[in-house]
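This report refers to the structure that appears directly beneath it.
The values are calculated or read from the model by the stated rules, or taken from the named source; none is laboratory data. Keep in mind it's a predicted model, so treat the numbers as computed, not measured. No Cβ is skipped: glycine too gets one built from the backbone with ideal geometry, and neighbour counts run over all protein chains shown.
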Amino acid sequence: MDFDSVRLTDVSRHFGRRRALSKISLTLRSGDIVGLLGPNGAGKSTLIGVLATLVTATAGEVRYGQQQARDAGPELRRRIGLLAHELHLYGELTARQNLTFFASLYGLDPRPIVDAALERAMLADRADDPVSSFSRGMRQRLGLERALLHRPRLVLLDEPFTGLDDRSVGMVCERLRQLAGDGAIVMVATHDLDLADGLVTRVALMRDGRLLSDEAASAGLRSRYRSVVGSA
Amino acid sequence: MKRRAPACAHAIGVWWGAPDAARYLVSSDFRRDHTTMFLKTALLVLRKDVAIEIRSYEILATTLFFAVGCVLVFAFALVKEGQAPPDAAAAILWIALLFAGTLALGRTFERERYGETIRALLLAPASRPALYVGKLLGILCLLGLTEMLLVPLVALLFSAPLLGHLNLLLPLLVCGTIGFAAVGTLFAAMLMRARTRDVMLPILLYPITIPVIIAGVRGTSALLASPPDEPTAMMWLAILVSFDVVFVTLSLWTFEPLMME
């Protein structure tokens, strides 16, 4: 299955008595780079978990094109790429072994795509070193390539710039623009407003599990963030 | 001609909230494509776990050390002048397996928790029951290696003729290990995100696997009796097979809904 939009309607998620998401309604479209911004505990990671089909919404509906997550199953998951704060890599395995494992899990032929992914992550010369010996930035680059191995339609990134130097940040931003240009739906949850400014095409501002604002990105993101999130 | 799956299978899958499991059961190409993909995924997960273990030997070393330590302590306490109490060998063998297995289960899933790789596994388009089977096979390999060390050790220290009854002891060990590991793998996966997982795992696991342990101990005791009581051992083996069928089936059904947040 494929889709060109994701629509959330009144999505809520409770963990016991704690309300992590409260009636979130949001539509993501092909070509969007959506910045998901908000303070700690705003519900950004939970929302990403719901979009990734890993967290079930307590109420509301998530539609991927015409299909709901519970009806789509593995074919929907094939179209989703997720990079969370934890990078979903096995530290004991080498970079190549990690990518080969995940490529095979997605039913892909690992030989051509793993080498290309290692080149993009600038880790071709460290391909056979265990991931546990990598710096945070190197692991971050590898984690991003792992999440994008299968060319997902919906790209969900939680703090993708953690530990990256300026050059790597520039390359990741360029990669995300390229993905969006190719028709992917990209959502980036971040605290780094300076990086988000100029990268994202839309901004979703969250606080206390509620969506405060969903608007087109414009100059002066920091002041907009302060006026909406800081004063809410 | 396409094979039509029973409607009740789909209904049960939906009722459990397990769309993958439902799809898995009602697929018309179930026997062909799905089985191949299922096995490929399970073997992929197993191969990955073996590759990690070969790099560290962490779980294998701790499990073997713990199992051998357990048998040695019991041997020092119970064997007097080369004579062990009757039936002690069977009990010690299974107790060592139970404790070492619990240790291995916890450590195996600790790896998936660290780095949250379990989320990447669950997000993959692979069949989720196949992921469970892959993890289960890894635990079975580990416990199989432990048994290869434990059986001769218990036979030696407790002067028990275990190696003389391998034709029945082997099936007893295999079936007992599958029953224990099937439930243990499910619970260890389920408790992965719980802060009290180390405490909760044995509390949940032991009461449910007690029938497996009793059947294993009684079956092994029957083999070690003089003369060996093979019909009784066969009866306990049949009971173990029944437990395995129930436990593995239930675990396959419940793995996906239990893993969802």
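The set of residues from segment A:77-104 being more than 8 Å from chain B (Cβ to nearest Cβ) and either in contact (Cβ under 8 Å) with a residue 24 or more places away in the chain or assigned to a loop (DSSP other than H, G, I, E, B) (or both) comprises A:ARG79, A:GLY81, A:LEU83, A:HIS85, A:THR94, A:ALA95, A:ARG96, A:ASN98, A:LEU99, A:ALA103. Looking at this structure, is B:PHE109 within 14 Å of another protein chain (Cβ to nearest Cβ) and within 24 Å of B:GLY179 (Cα to Cα)? Criteria met by B:PHE109.
Pairs are defined by a Cβ separation below 7 Å, a sequence spacing of at least 6 or placement on different chains, a first member in segment B:207-233 that is touching a residue at least 60 places away in the same chain (Cβ under 8 Å) and over 21 Å from B:PHE247 (Cα atoms), and a second member that is surrounded by 15 or more Cβ atoms within 10 Å (Cβ to Cβ) and charged (D, E, K, R); the pairs so defined are B:SER221/B:ASP87. Out of all the residues in segment A:98-108, is one or more aromatic (Phe, Trp, Tyr) and either surrounded by fewer than 21 Cβ atoms within 10 Å (Cβ to Cβ) or at pLDDT below 95 (or both)? Among the residues of segment A:98-108, at least one is aromatic (Phe, Trp, Tyr) and either surrounded by fewer than 21 Cβ atoms within 10 Å (Cβ to Cβ) or at pLDDT below 95 (or both), which makes the answer yes. The single condition from (1) part of a loop (DSSP other than H, G, I, E, B); (2) at pLDDT 90 or above that A:THR162 fails is (2). As for segment B:181-195, it holds at least one residue that is modelled with pLDDT under 95, within 25 Å of A:GLY81 (Cα to Cα) and not hydrophobic (A, V, I, L, M, F, W, C).
One line per residue, one yes/no per condition, for (1) of a type in the set (A, V, I, L, M); (2) at pLDDT 90 or above; (3) over 15 Å from the mean Cα position of the chain (by Cα):
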site	(1), (2), (3)
A:PHE3	no, no, yes
A:SER12	no, yes, yes
A:PHE15	no, no, yes
A:LEU21	yes, yes, yes
A:ILE24	yes, yes, yes
A:ARG29	no, yes, no
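So B:ILE54 ticks every box in (1) within 13 Å of chain A (Cβ to nearest Cβ); (2) surrounded by fewer than 18 Cβ atoms within 10 Å (Cβ to Cβ); (3) within 19 Å of the chain's Cα centre (by Cα) but one. Which box is left unticked? Failed condition: (3).
How many residues does segment B:246-257 contain that are under 21 Å from A:VAL50 (Cα atoms) and either under 18 Å from the mean Cα position of the chain (by Cα) or surrounded by 21 or more Cβ atoms within 10 Å (Cβ to Cβ) (or both)?
Step one: list which residues in segment B:246-257 are under 21 Å from A:VAL50 (Cα atoms), which gives B:254-257.
With either under 18 Å from the mean Cα position of the chain (by Cα) or surrounded by 21 or more Cβ atoms within 10 Å (Cβ to Cβ) (or both) added as a condition, the list becomes B:254-256.
Summing the residues that are under 21 Å from A:VAL50 (Cα atoms) and either under 18 Å from the mean Cα position of the chain (by Cα) or surrounded by 21 or more Cβ atoms within 10 Å (Cβ to Cβ) (or both) in segment B:246-257 gives 3.
Out of B:THR232, B:THR254, which single residue is in contact with a Lys or Arg (Cβ under 8 Å, 6 or more places away or on another chain), at pLDDT 90 or above and more than 14 Å from chain A (Cβ to nearest Cβ)? Walk me through how you get there before you give the answer.
Working: B:THR254 fails: in contact with a Lys or Arg (Cβ under 8 Å, 6 or more places away or on another chain).
Just one listed residue meets the conditions, B:THR232.
Only a single criterion out of (1) under 17 Å from A:PRO152 (Cα atoms); (2) under 21 Å from the mean Cα position of the chain (by Cα) is not satisfied by A:SER104, namely (2). Annotation: of all residues in segment A:205-231 being among the polar types (S, T, N, Q) and under 24 Å from A:ASP10 (Cα atoms), the one that is farthest from the chain's Cα centre (by Cα) is A:SER231. Among the residues in segment B:9-22, are any touching a Lys or Arg at 6+ places or on another chain (Cβ under 7 Å), charged (D, E, K, R) and either at pLDDT 75 or above or part of a helix (DSSP H, G or I) (or both)? Yes. Among the residues of segment B:193-213, those that are of a type in the set (Val, Ile, Thr) and surrounded by 15 or more Cβ atoms within 10 Å (Cβ to Cβ) comprise B:ILE208, B:THR209, B:VAL212, B:ILE213. Pairing residues of segment A:129-140 that are of a type in the set (Lys, Arg) with residues that are part of a helix (DSSP H, G or I), at Cβ distances under 7 Å and at least 6 apart in sequence or on separate chains, gives A:ARG139/A:VAL131. Filtering segment A:105-133 down to residues that are within 13 Å of another protein chain (Cβ to nearest Cβ) and outside any loop (DSSP other than H, G, I, E, B), which residue is nearest to A:ALA147 (Cα to Cα)? Top of the filtered list is A:LEU105.
Residues that are assigned to a loop (DSSP other than H, G, I, E, B), facing chain B (nearest Cβ under 8 Å) and crowded, with 18+ Cβ neighbours inside 10 Å within segment A:35-76 comprise A:ALA52, A:THR53, A:LEU54, A:VAL55, A:GLY73, listed in sequence order. Among the candidates A:VAL155, A:VAL228, the residue that is surrounded by 17 or more Cβ atoms within 10 Å (Cβ to Cβ), aliphatic (A, V, I, L, M) and away from chain B (no Cβ under 14 Å) is uniquely A:VAL228.
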